[in-house]
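To start, the structure itself, in structure tokens.
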Amino acid sequence: MAGLSLRAVFLLSVIPGLLAVAVIALRVQDAPAEGAPRHAGGILGRDVLPGEFRRYLALVGLFTLGNASDAFLILRAVDEGVPARYVPLLWGAFHVVKSSLSTPAGALSDRIPRKWVVAGGWCVYAACYGAFAW
């Protein structure tokens, strides 16, 4: 990898992340909605979120607790013989695939019930982990 050690590659990968955070922190501002009252109080109050949405958040939280880190998929690939020097490329490819599918999935959720899209995404996710376990 251009004569750089794996440690140097990972250290250099921090730079774009820090730049992105700096741009968001320093340059991005929310425009207040016209006629919207100023928000007072916490957003997670019982009277603010509908019960159905709170149940959805509880389900997502439960799923997240049982969810293995995506890094385990990469580590499994290394166990199967992928050279460690390709880990940053695998990690980048993994996120390119996730990012490239998010827009079409969002468009699909505008045409069919969102519950179906979310459930389908979770099924694909579970199938990927099952395939790696197999």
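The numbers here are math on the coordinates, done by the rules we state, and not lab data. Predicted model only: the values in this text are computed from it and were never measured. Methodologically, a virtual Cβ is constructed for each residue, glycine included, from the backbone with ideal geometry; neighbour enumeration extends over all protein chains shown.
Key figures for this structure:
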{"item": "Estimated 222 nm signal from helices in the chain, with DSSP H stretches of n ≥ 4 weighted -39500 (n - 2.57), rounded to 500", "result": "-22500 deg cm²/dmol"}
{"item": "Semi-axis lengths, Å, the range 70-134, gyration tensor of Cα atoms, sqrt of 5 times eigenvalues", "result": "28, 14, 6"}
{"item": "Among D110, D79, D70, residue whose mean-square fluctuation peaks in a GNM of the chain (springs only between Cα atoms under 10 Å)", "result": "D110"}
{"item": "Among P83, C128, A105 - extreme Cα towards positive end, dipole of the range 70-134, charges at beta-carbon", "result": "A105"}
{"item": "Gyration tensor (Cα) of the chain, equivalent ellipsoid semi-axes in angstrom", "result": "34, 25, 15"}
{"item": "Among V87, V21, V60, residue whose mean-square fluctuation peaks in a GNM of the chain (springs only between Cα atoms under 10 Å)", "result": "V21"}
